[in-house]
1. What span do the alpha-carbon atoms of the stretch 340-400 cover on each of the three principal axes, reported in whole Å from largest to smallest?
2. I'd like the Karplus ³J(HN,Hα) series for the stretch 93-99: coefficients 6.51, -1.76, 1.60, θ = phi - 60°, whole numbers in Hz, and an x wherever there's a Gly or Pro.
3. Taking N as the number of residues in the stretch 174-238, what is its alpha-carbon radius of gyration divided by 2.2 N^0.38 Å?
4. Identify all aspartates and glutamates with a Cα-Cα distance to Lys42 below 13 Å; exclude those on the same chain that are fewer than 8 residues away in sequence.
5. Distance between Cα centroids, the stretch 310-333 to the stretch 365-399: provide it in whole Å.
6. Kirkwood-based Rg over Rh for the chain (C-alpha set), two decimals?
7. Which lysines have a Cα less than 26 Å from the Cα of Lys366, not counting those fewer than 8 places away in the same chain?
8. For the peptides 254-264, 410-420, what is the packing order when you average, over each peptide's residues, the other Cβ atoms within 10 Å and list the highest mean first?
Amino acid sequence: MVFLPSTASATSAVDVGLKRSHVDYSRYLSAEARSRLPNPIKSIWKVAQVKPGTINMGNGDPHHTLYPICEVNFVVPSIDEHDPVQSWRSGTGEQNIISSYKDEPCALSLRTAFAYGAGAGLKDVRDALADLNDRIHSPPNHTVSLSLGNADALTKCFRLLGDPGDSFLCEEFTFSAMTNAALPLGIEWVPIRMDNNGLVPSDLERILSNWDEAKQGKRPHVLYTIPCSQNPTGSTLSLERRQQIYQIAHDWDIIILEDDPYFFLQYDLGVSQSTIQQYGHTRAMAEVLPRSFLSMDYDGRVMRLDSFSKIVAPGMRLGWVTSNSYFADKLDMLTDSSSQHPHGMGQAFVAELLGSNGWGVDGFMKWILSLCNEYQRRRDLFMDVFRQKVATSGFATAEVPQSGMFVWIKINLEHHARFSASQTPTVPGGPTTNTADLMDELFRKLLNNGLVMMPASTFAIADRTGMMGSHINDRVNFFRATFVGTDETIRNGLATFGRTLEEFFL
Ligand code: PLP
């Protein structure tokens, strides 16, 4: 077992500067990223922007006087409410209007927001998010680029780092919507074992140290991980595991893709009221939020992906990537020649919300704390109803999640009359139980009874290396359920679940 040496976290700024300036990040890049040329128009545009008073006759950018819009008003909850989420839900709280204008002063003029911009996003928005990052993660010398959310950011990171035939590491159950996106690029996934507490560092070490390049091709150089409310298992990595995983990544020269859309939704936080009063919500939250991989990244190997999807709304389609400046440049080049910069409306909203006429960063953190309290209430309700309606039968069990939106429900199939634990695999290394078949049957029964839960098989990563020892289909006796819905959804859904389980087992 390896531990992050104390000297690593205590590395001085001088050491960090020295170390990082000598790192050649180009060796991690895909052939696609290496061969990509910058968007030449954007390059000229960047140069032209630096010199004030430059007359721009070069761009096909519609003139701002012809934009059919001059003002956007966003009606948002007042952040001065004691518990802003509760006041907003009950409709009792004050509302505020925050406005973006084309021709009047505001945090981000619509002239700028609605014009063509740099792929990285507008400076005001990036600065606000870099400020938030600094206060939460204190990352050593990283760069922020905007994305259209983590799905967009991840697919771009896969293209940045992966070539056909490359193997990337991931949790054995993971967000398959994203891992599937890497398959057409010719990237193969190598699953790492998980337990109730998430990815198991010793298994990561085992896979890397037993990797045989002669037989298996290039050793993986990327780990895709979801450290908080891991999707689907809901687990959150402890600090000790994070330190171990970072150290292994350092030792084996692995880039960590830290996909962390649930980071801000943490429960049982024990936020200090006196810190809030003395220093504000951001500092109080920073004290209790988990330590990100980014915060330990003294050698620039973490690409951290944050999103507004879970803390504002998924339709925002906005997020931010924090990485070393070399990767940030390469990502921006890809964006400049594909999706271009994120939409102006979303950027205007974020700039106003986080600016001095809106909530500000501290108000935003107050909203997040209030949101955590509401989701924690829903999680607790879910777990209470689960205990009453489901767990009493002994047919299913679940751990209480510390963060995010998911409960990983284990179906105790060994109690089922038709469970078979010693089948002969039809192919070498194949499943030795009928877990997958029984789970499929249960999934259909739930569907017939009007309930959808996500079966573990949806998220299971098949092992192509033969290094896992047993087949993932023998471990798919789980459902992912979410507790974010209304009280009624939770009560009715779990009542149906409990009833269906009894029908299925008896
Ligand atoms: N990554 C994980 C782990 C997710 O759970 C999700 C959404 O559910 C995403 C990425 C996509 O997030 P976004 O809406 O920011 O694209």
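Derivation of every value follows stated rules applied to the coordinates shown; laboratory data play no part. Model, not experiment: these values are computed from the prediction. So basically every Cβ, Gly included, is an ideal-geometry build from the backbone, and we count neighbours across all protein chains shown.
1. Result, largest extent first: 53, 29, 14 Å.
2. Here the 3J(HN,Hα) series is x, 5, 10, 10, 10, 10, 10 Hz.
3. On the way: Rg = 12.8 Å, N = 65, 2.2 N^0.38 = 10.7 Å.
Compared with the compact-globule rule of thumb, the stretch 174-238 sits at 1.20.
4. Partners within reach: Asp61, Asp329, Asp332, Asp336.
5. 31 Å
6. Working: Rg = 24.3 Å, Rh = 24.7 Å.
Here the Rg-to-Rh quotient is 0.98.
7. Straight-distance partners of Lys366: Lys123, Lys310.
8. On the way: 254-264: 25.1, 410-420: 14.5.
Descending packing order for the listed peptides: 254-264, 410-420.
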